[in-house]
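Have a look at the structure below, then the notes.
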Amino acid sequence: MTEPRAGATQLEFVDGVHVGIEERWAVITLSNPGRRNAFYPEMRQRLTEAVNALAGDPQIRAIILTGHDGHFCSGADLKRAGSIDRSPAAARERFRSLHDPIEAIVSAPQPVIVAVEGDAAGAGLSLACAADFIVAARGARLAASFAKVGLFPDMGILHSLERRVGLGAARRMLMLVEPVSAEAGLNMGLVDFVAETGEALAMARETADRLARLAPLSLVSIKSALASPPESLDDAKALEMDVGPVLLASEDHRAALQAFLSKTTPNFRGS
């Protein structure tokens, strides 16, 4: 993983990915110069490795994913697609590998925040929808552009987009390829926060700071539960019976009680 470079203005990318540690969160930045950070296999693998490595670090309370130079990610890098093996076996393996970064984001115990400037299209939108929170700057364009290039929606977006915006809006975005602005995305539930142009990463950092102040075990449990929401009241009650007693006995809960009684700020340790 790239070593942190606190305050650096020139990021050093390895396979299109830079990882920096800031406060109690990490920032992963995607870069593909001149291609609006279009996704390619090495970038995908590096991103997966970075998220998985951060997932195992208890000091990291949130993960921010963003793009370099004014865009998030414009989808697959079609300039690199001309020579790929399109045999059925190779195609299935390629699609399997497309799932790796999505599974890493969804299964990471920490909340994942995506900061979008400029374009988030195709695979870029799939990445964003897999995250827990999307911060989009004014002027951003979010588009499910698969039908424009004759491809089937991938990286789990048929599931994640519909969960965010509902079936009707997902159908319009996927079948009519309607781009969505940050403001419209906020109104339809696609976007969680709207920032001024150029300020998406700053707002994502503010969100990460808010999350870092909360009890990690609670956030892990809530994220896991929302990944596969209870389908009935009975399912919800059963989940409460399983998880609730564990958190009730946790050191973090004790710390919160002590802080409440002493009117201080709790020091959560994730235990």
- Take 263, 223, 79 and sort them by solvent-accessible surface of the protein heavy atoms, 1.4 Å probe, largest at the top. 263, 79, 223
- Task: Report in % the part of the accessible area of the chain that belongs to carbon and sulfur, leaving out ligands and nucleic acids; probe 1.4 Å.
- Result: 55 percent
- Query: Once every DSSP H run of n ≥ 4 in the chain is given -39500 (n - 2.57) and the sum is divided by its residues, what mean residue ellipticity at 222 nm do you get, rounded to the nearest 500 deg cm²/dmol?
  - Reply: -14000 deg cm²/dmol
- Message: If the reach is capped at under 16 angstrom between alpha carbons, list the aspartates and glutamates near residue 263, excluding any in the same chain fewer than eight residues apart.
- Response: 252
- Query: In terms of solvent-accessible area of protein heavy atoms at a 1.4 angstrom probe, what is the ranking of 159, 253, highest value first?
  - Reply: 159, 253
- Query: What are the aspartates and glutamates whose alpha-carbon lies under 19 Å from the alpha-carbon of residue 79, with same-chain residues fewer than 8 places away excluded?
  - Reply: 15, 42, 119, 154
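Rounded, prolate or oblate: which fits the range 27-167, taking a ≥ b ≥ c as square roots of the Cα gyration tensor eigenvalues, rounded meaning a/c under 1.5, else prolate when a/b beats b/c?
On the way: a/c = 1.42, a/b = 1.23, b/c = 1.15.
Since a/c stays below 1.5, the shape of the range 27-167 is classed as rounded.
Can you work out the accessible area per residue across the range 25-74, with the rest of the protein chains kept in place, probe 1.4 Å, in square angstrom? Spell out each step's value before the answer.
Details: 1840 Å² over 50 residues.
For the range 25-74, the per-residue accessible area is 37 Å².
Taking 8 Å as the Cα distance limit and 6 or more residues as the minimum spacing, I'd like the relative contact order of the chain as a percentage. Intermediate values should be presented prior to the final figure.
Values: 477 pairs, mean separation 41.7, N = 271.
So the answer I get is 15 percent.
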- Just the accessible area for residue 21, please: 1.4 Å probe, Å², rounded to the nearest 10? 60 Å²
- Note on the structure: With a Förster distance of 51 angstrom and the Cβ-Cβ distance between residue 248 and residue 90, calculated FRET efficiency to the nearest 0.05 equals 0.50
- Task: State the Cα centre-to-centre distance between the range 40-77 and the range 194-261 in whole Å.
- Result: 22 Å
- Item | Identified option (computed Cα extents along the principal axes in Å; candidates [x] 85, 43, 33; [y] 49, 43, 36; [z] 62, 48, 38) | [z]
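Find the relative contact order for the range 171-271 and round it to a whole percent, using C-alpha pairs within less than 8 Å whose residues are 6+ positions apart. Provide the component values of the computation, followed by the final result.
Values: 49 pairs, mean separation 21.7, N = 101.
RCO, the range 171-271: 21 percent.
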- Counting only DSSP loop positions in the range 7-48, the GluC sites (Glu not before Pro) whose Cβ has at most 11 other Cβ atoms within 10 Å are 12
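The values are calculated or read from the model by the stated rules, or taken from the named source; none is laboratory data. Since the structure is predicted, the reported quantities are computational estimates derived from the model, not experimental observations. So basically every Cβ, Gly included, is an ideal-geometry build from the backbone, and we count neighbours across all protein chains shown. When the accessible area is computed, the model is the full protein with side chains, heavy atoms only, and any ligands, DNA or RNA have been set aside. Shrake-Rupley method; radii C 1.70, N 1.55, O 1.52, S 1.80 Å.
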